[in-house]
Ligand SMILES: Cc1ncc(COP(=O)(O)O)c(C=O)c1O
């Protein structure tokens with residue numbers, strides 16, 4: 001059986017060996033609780049503080065502005081609900097984009113039921129939010145704008161610096177979900193006028209179970225969890241030190257890669273991605289989703305006429321190639337992805353999508369294999385497609 005090929009790095013990544021090594025002592029001998037006064041606790045607290053510093057440095061934040069959570073889902077919930085309830089005396093209006101991850105969409109939907117007003121900003125056919133639309137949508141009652149940094153599905157990178165500037169000018173908080181961009185694209189929260197930012201460890205070769213929310217100093221949030229008061233009272237729970245140490249190590253590795261002259265990993269992935277896009281678009285009736293240039297270096301997303309994405313993913317899996325249709329979170333719903341509908345695809349078109357996300361271990365040989373296999377599978381599925389007529 002040939003080696004399996006993984007093209008789903010946007011869903012999750014394997015833990016880097018150096019990350020696992022950094023975590024190991026904190027699973028066994030350095031197991032203390034950061035809230036304990038004795039030396040075991042202080043040793044864990046020291047590792048936590050160091051990790052906070054490393055992660056803050058990556059986005060030009062201060063360590064006390066980093067709140068550790070269990071995932072990006074939790075960070076996004078805390079950002080939206082936390083700001084909403086802490087600022088309900090100022091206003092009840094929240095603006096999000098129409099291409100957010102389900103954890104923002106569902107949090108917004110829930111807030112709507114609690115009496116908040118939600119505006120969903122449109123995007124263009126490439127999935128770009130127009131900053132002018134943000135400006136127009138802000139009212140006297142607006143308390144928060146949340147726009148994803150880079151789409152997990154179609155890879156489009158949003159103009160968050162401009163959006164942040166607009167929000168800062170009118171005193172509205174700006175949150176961005178940077179789960180897919182953190183550690184891959186340079187982020188400077190000060191320069192980009194970001195008030196709150198979400199990131200997740202398992203997207204950057206760190207372990208699952210660790211996320212962060214950057215909260216600019218002075219911004220008040222209502223916590224989701226009440227208890228022992230960890231993380232400045234914003235996230236009670238015994239702190240998951242091994243996962244956070246791993247998260248920081250993974251971020252440190254990303255930082256080193258980003259600082260290498262010419263950012264070689266970025267160039268490598270861009271060239272592999274572009275080779276893939278060029279070849280796939282040669283298949284009859286195939287289309288690219290997302291921005292042709294302004295997109296994540298590791299993301300390619302297509303839709304094919306007369307194809308059902310699930311069949312495509314299953315057939316590719318039989319060939320040992322793991323891709324996804326829509327995002328990992330929507331691929332079990334069997335409903336067309338909201339993101340693809342937002343960029344103007346019809347439900348049937350959105351069903352025919354394929355996301356290929358590359359990563360640190362993707363090779364040219366693997367890309368060539370996909371390029372070889374994909375046209376044959378598409379031909380086979382189209383031959384029996386009920387959509388064709
Ligand atoms: C943009 C974005 N936001 C949020 C999440 C949720 O991340 P987590 O698995 O850490 O909860 C993901 C993961 O798929 C994502 O891609």
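Filtering the range 124-179 to residues that are over 30 Å from residue 8 (Cα atoms) and either in a loop (DSSP other than H, G, I, E, B) or within 16 Å of the ligand (Cβ to nearest atom) (or both) leaves 138, 139, 140, 141, 171, 172.
Listed conditions (1) part of a helix (DSSP H, G or I); (2) in contact (Cβ under 8 Å) with a residue 60 or more places away in the chain are all met by residue 278, apart from (2). Kindly indicate whether any position in the range 219-237 is within 16 Å of the ligand (Cβ to nearest atom) and within 23 Å of residue 9 (Cα to Cα). No: zero hits. When the test is whether a residue is closer than 24 Å to residue 181 by Cα and loosely packed, with under 15 Cβ neighbours inside 10 Å, residue 338 does not pass it. Of the set (1) touching a residue at least 60 places away in the same chain (Cβ under 8 Å); (2) surrounded by 15 or more Cβ atoms within 10 Å (Cβ to Cβ); (3) over 21 Å from the mean Cα position of the chain (by Cα); (4) not in a helix (DSSP H, G or I), all apply to residue 217 but (2).
Could you tell me how many of the residues in the range 180-203 are within 11 Å of the ligand (Cβ to nearest atom) and not in a strand (DSSP E or B)? Matching residues across the range 180-203 total 6. Hey, any hits in the range 238-245 for a residue that's out of contact with any strand residue (DSSP E or B) (no Cβ under 8 Å at 6 or more places or on another chain) and surrounded by fewer than 16 Cβ atoms within 10 Å (Cβ to Cβ)? Yes, that holds for at least one residue.
When 48, 78, 37 are checked against the criterion of being in contact (Cβ under 8 Å) with a residue 60 or more places away in the chain and farther than 21 Å from residue 253 by Cβ, a single residue qualifies: 78.
Consider the range 356-383 and keep the residues that are touching a helix residue (DSSP H, G or I) at 6+ places or on another chain (Cβ under 9 Å) and outside any helix (DSSP H, G or I). The one that is surrounded by the fewest Cβ atoms within 10 Å (Cβ to Cβ) is 363. Tell me, please, whether a residue that is modelled with pLDDT of 95 or more and more than 16 Å from the ligand (Cβ to nearest atom) can be found in the range 295-303. Yes, there is a match, as at least one residue in the range 295-303 is modelled with pLDDT of 95 or more and more than 16 Å from the ligand (Cβ to nearest atom). Evaluation of residue 50 against the conditions (1) in a loop (DSSP other than H, G, I, E, B); (2) modelled with pLDDT of 95 or more; (3) more than 16 Å from the ligand (Cβ to nearest atom) shows that the sole unmet condition is (1).
The values are calculated or read from the model by the stated rules, or taken from the named source; none is laboratory data. A quick note: this is a predicted structure, and the numbers were derived from the prediction, not measured. Cβ coordinates were reconstructed from backbone atoms using ideal geometry, including for glycine residues, and neighbour counts include every protein chain displayed.
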